[in-house]
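Below is one structure, written out as structure tokens, with a few remarks after it.
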Amino acid sequence: MVLWCAMPMIMVVLCWLVVEPWFVRPIVMQTLGSVAGQQAGAPAFQYLEIRNIAAGVLPGTSASDAVMHAVEQYKSLLRTASMAFSVMFLMAGVLGFYRGYKKLTVDFPAREQVEKFVRFFLLASSMVAILTTLSIVLALVVEALRFFKHVPLLDFLLGLKWSPQVAIRADQVGSSGAFGAIPLFAGTLLIAFIAMLVAVPIGLFSAIYLAEYARPSVRSVTKPMLEILAGIPTVVYGFFAALTVAPLIVKVGGTIGLNASSESALAAGLVMGVMIIPFISSLSDDVINAVPTSLRFGSLAMGATRSETIRKVILPASLPGIMGAILLAVSRAIGETMIVVMAAGLAANLTANPLESVTTVTAQIVTILVGDQEFDSPKTLAAFALGLTLFCVTLALNFLALKIVRRYEERYD
Amino acid sequence: MSSVMTAETTEASEKVINQVQDGPIVVRPEKGVDIKMSAEGVSVFYGDKQALDDISIDIHSKQITALIGPSGCGKSTFLRCLNRMNDVVGGCRINGRITMDGEDIYAPRVDVASLRGQVGMVFQKPNPFPKSIFDNVAYGPRIHGYAQHRDEIEEIVVRSLSKASLFEEVKDRLHDPATGLSGGQQQRLCIARAIAVNPEVLLMDEPCSALDPIATARIEDLMWELKEKFTIIIVTHSMQQASRVSQRTGFFHMGVLAEVGTTEQIFQNPVDNRTRDYITGRFG
Ligand SMILES: Nc1ncnc2c1ncn2[C@@H]1O[C@H](COP(=O)(O)OP(=O)(O)OP(=O)(O)O)[C@@H](O)[C@H]1O
Ligand SMILES: [Mg+2]
């Protein structure tokens, strides 16, 4: 019933918002024109001025008589208009009510109608998300295609050199730019690998502790604390990596005779690993908890110790789920930007040495797009190509992870 | 409790328990009967709630002892005391003494894992591990290090599966996942898994509750065979099953052991009124 009233009212409001400027503006401008003739300044600007004076944002004193006249007219117009609007609004409500009332016979399926409306509303909401994603992908694809007009696909995917400096003007000196993405992906993988080296064991062990050993009281404190790690903004991790961990690595490296760069893959990887721990621990904890207690009892009753039970029954049983968790964490590590920008450097080195500075796909996208850009230079377009590739990789990873997790879930139904 | 005691004084074979309750704790096996396990004054608490009150019972060696009684009376709880599975249940506390071959199984120096190797358990619901059939049966021998070589383990697996009369059905798919078996097959697999470690005592908690009559009959046959080698304690809700397979029966009621004796005596001539009511089906 309320819906029947509200719907027309909302419609009127929406129409009003659209119609109002079109409707009022010509009238005001006409008056202005007729009084003052053709004056200097674009009409749009004048209209803005009038509106501002009317709203009290601009002082009216400096304006000419003609403008003031127009302001007055604008105000009165607005008054009438808003009155008309109110009347229409109410009428719409009443009309809707009347219609609703007339429809409200005994066998009118009111609840079904509401259901329909709710369904439509929910559908529309989800469509917004889907359409946005689709348009993002579309934009990525289109821009990336434009990039590949400048740089061949294979050069991009297999090139070993990345230096996206292109002469902007023909007379400028400079290289023609190299767009080989391999160093970027190598850097990404190196950092993600280091991060997983940290996160997988620590995350998994804490998950096992939480799920199998921790008393409920300990668990209820420890688990949220681990999850707080996930809530720390990545910027904070970033400067922690750049200002604390990286110098530490340089120092430690120095004492044992290794030459570490002040921005290193190791620093970024370590901190990123810490950031990812809660992903793995939380998801794995859930997965381990989903293993039926009867299996635990079965194994213990066979004379297995607790750790034998975990190693030989629980972990194998939850392995697919844990793999899923790890894959999700990997895709998170690959997509992570802030820490890398701050701690790993921007030099596109193709190296496997974690003490050197490397750069990643995401960090390059940032550096390409920060600052003033020309939107059709290959350099800018390269960002889209990188983005698209990254998107494909993480999408595939996520897809795989979800598939594995889902298959695992089916098993104990 | 008093009615139980008078009942037991009339029953010659229950002298041991009488002595336990009246005088100092002396376990004195009767002639010709080998006592495998023995509980003396066992009480179990879950938190503040008492689940078992002063249970004393002897388990005769190489016999099948059936435990019957209404739901929630503590049969499973008692069974879990015998292989110390209650240790892993949170908030569970046990008083009293339980011995196996005269040794206190709750003594500090007892290795719980090897105790559980000697006292195997089959659960009410089949719980095969999500591994292959072969690996399920090989699980225990591998853990306890009974066999190192592949062929030794294989021999144990085949022997256990045949003893559980499952081998013929699964011999072509030993390496398929055990979760693909039917419920009855899974339960026989769990029995095979339990006997693969060659326990001395086998605890079975309603092993047939999820099975059809044919599978039940097979498991009962199996128990008859196993009784030659193992001491078996079975919890069951089926009076017929208890009277078919067991030599001795204990009747639990609301946390106490109301009556225990030979199966014939319990079913044909119960002394305790609660036993009589339960057996004749006059309990709710
Ligand atoms: N883990 C536990 N925590 C708390 N109380 C428990 C626990 N396990 C059993 N109990 C309680 O102990 C009592 C005995 O339970 P038990 O499982 O031994 O009964 P049962 O005789 O096996 O019953 P059933 O025939 O239904 O299996 C019940 O009142 C039950 O609520
Ligand atoms: Mg039970």
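The values are calculated or read from the model by the stated rules, or taken from the named source; none is laboratory data. Owing to the predicted nature of the structure, the values given are computational and were not obtained by experimental measurement. Cβ placement follows ideal geometry from the backbone for every residue including glycine, while neighbour counts extend to all protein chains displayed. Side chains are part of the model used for accessible areas, which takes the heavy atoms of the whole protein and leaves out ligands, DNA and RNA. Shrake-Rupley method; radii C 1.70, N 1.55, O 1.52, S 1.80 Å.
List of remarks:
- Accessible area of A:Lys102 in the full protein assembly, 1.4 Å probe (Å², nearest 10): 130 Å²
- Residues of region B:110-125 that bury at least 10 Å² of accessible area when the other protein chains are present, relative to the chain alone (probe 1.4 Å, heavy atoms, ligands and nucleic acids excluded): B:Ala113, B:Arg116, B:Met121, B:Phe123.
- Here, chain B has an Rg and a Dmax of 19.0, 59 Å when only alpha carbons are counted.
- Computed [θ] at 222 nm, helices only, for chain B once each DSSP H run of length n ≥ 4 contributes -39500 (n - 2.57): -10500 deg cm²/dmol
- Taking the chain by itself as reference, region A:287-318 contains these residues with an accessible-area loss of 50 Å² or more in the full protein complex (1.4 Å probe, heavy atoms): A:Leu295, A:Phe297, A:Leu300, A:Ala301, A:Met302, A:Gly303, A:Lys312.
- Take the accessible area of B alone and of A alone, subtract that of the pair with a 1.4 Å probe, and the total buried over both chains is about 1600 Å².
- ³J(HN,Hα), Karplus 6.51/-1.76/1.60, whole Hz, each residue of region A:302-307, x for Gly, Pro: 7, x, 7, 7, 4, 6
- Area accessible to solvent at A:Lys379, 1.4 Å probe radius, in Å²: 40 Å²
- For the pair region B:51-72 / region B:154-186, the C-alpha centres are spaced 30 Å from each other.
- Amide H contacts under 5 Å for B:Leu67, placed H, 5+ residues apart: B:Ile234, B:Val235, B:Thr236, B:Gly250
- Amide H partners (placed H, <5 Å) of B:Ser132, local residues excluded: B:Ala178
- Inter-label distance, A:Val221 to A:Leu258: 3.6 nm, where each label sits 7 Å from its Cα along the C-beta direction.
- Centroid-to-centroid separation of region A:146-162 and region B:215-284 [C-alpha atoms, Å]: 80 Å
- Accessible area of A:Arg332 (1.4 Å probe, protein heavy atoms only, ligands and nucleic acids ignored): about 80 Å².
- Nearest-20 debye value, chain B charge dipole, Cβ charges on Lys, Arg, Asp, Glu: 380 debye
- Taking the centroid of alpha carbons for each part, region B:108-149 and region B:188-202 are 8 Å apart.
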